[in-house]
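Q: Just passing along the structure, written as structure tokens.
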Amino acid sequence: MKPTDESLIDTRTLLVTCGGDPLLLRTMIRSFQTHFEGHLNDVAHALKERDLTRLRAATHKLHGLVSAFSRRANEAVAILEQLGADGHWSDVDKQFMVVDQILHSLAKSLDGITVEELKS
């Protein structure tokens with residue numbers, strides 16, 4: 001199964017990160033799919049409370065989770081973090097919706113991806 005949105009998955013970085021190891025790739029994808037919604041919930045709680053410290057911690061976790069998979073997702077999280085740091089809370093809320101959509105799309109796109117597909 002090919003990615004549904006090839007611009008979303010950074011295939012080169014993902015292939016390098018997993019070292020071409022199919023088991024490691026599956027483990028990485030499973031970890032992403034298991035944890036991304038919890039990290040999104042952490043961001044949502046930080047936004048609800050307008051808690052910049054919690055927002056920084058939650059976006060830091062998201063950066064770590066998405067960096068091996070998607071430059072686009074990582075950039076969206078960085079924008080979210082910066083908007084919060086600048087105190088632009090209404091823009092943060094809008095950007096959070098963007099991040100949420102991207103990460104859900106990424107989770108679907110990663111489902112069933114193989115090392116062979118990344119190489120092709």
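Q: In the stretch 40-54, which residue that is within 14 Å of the chain's Cα centre (by Cα) and of a type outside the set (Asp, Glu) is surrounded by the most Cβ atoms within 10 Å (Cβ to Cβ)?
A: In this case the residue turns out to be Val43.
Q: Now for a different question. Out of all the residues in the stretch 32-39, is one or more over 14 Å from the mean Cα position of the chain (by Cα), touching a residue at least 12 places away in the same chain (Cβ under 8 Å) and assigned to a helix (DSSP H, G or I)?
A: Checked the stretch 32-39: no residue is over 14 Å from the mean Cα position of the chain (by Cα), touching a residue at least 12 places away in the same chain (Cβ under 8 Å) and assigned to a helix (DSSP H, G or I).
Q: So, in the stretch 14-28, how many residues would count as being surrounded by fewer than 16 Cβ atoms within 10 Å (Cβ to Cβ) and closer than 18 Å to Ser105 by Cβ?
A: 0
Q: Oh, and also: Just give me the residues in the stretch 61-72 being of a type outside the set (A, V, I, L, M) and either in contact with a helix residue (DSSP H, G or I) (Cβ under 8 Å, 6 or more places away or on another chain) or not in a helix (DSSP H, G or I) (or both), in sequence order.
A: Residues satisfying the conditions are Lys61, His63, Ser67, Phe69, Ser70, Arg71, Arg72.
Q: Determine, yes or no, whether Gln101 is part of a helix (DSSP H, G or I), modelled with pLDDT of 95 or more and in contact with a helix residue (DSSP H, G or I) (Cβ under 7 Å, 6 or more places away or on another chain).
A: Spelling it out, it is not the case that Gln101 is part of a helix (DSSP H, G or I), modelled with pLDDT of 95 or more and in contact with a helix residue (DSSP H, G or I) (Cβ under 7 Å, 6 or more places away or on another chain).
Q: Starting from the stretch 86-113, take each residue that is at positive phi and list its partners that are of a type outside the set (Gly, Ala, Ser), counting only C-beta distances under 7 angstrom and pairs at least six apart or across chains.
A: So the pair list comes out as Gly112/Met1.
Q: Could you pull out the residue among Ser70, Ser31, Ser105 that is surrounded by fewer than 14 Cβ atoms within 10 Å (Cβ to Cβ), closer than 26 Å to Arg12 by Cβ and either out of contact with any Phe, Trp or Tyr (no Cβ under 6 Å at 6 or more places or on another chain) or of a type in the set (A, V, I, L, M) (or both)?
A: After applying the criteria, what remains is Ser31.
Q: Another question, if that's okay. If I filter the stretch 108-118 for residues that are loosely packed, with under 15 Cβ neighbours inside 10 Å and not charged (D, E, K, R), do I get at least one hit?
A: Yes, the stretch 108-118 has at least one match.
The values are calculated or read from the model by the stated rules, or taken from the named source; none is laboratory data. Since this is a predicted model, take the numbers as computed values, not measurements. All Cβ positions, even for glycine, are placed from backbone atoms using ideal geometry, and neighbour counts span all protein chains on display.
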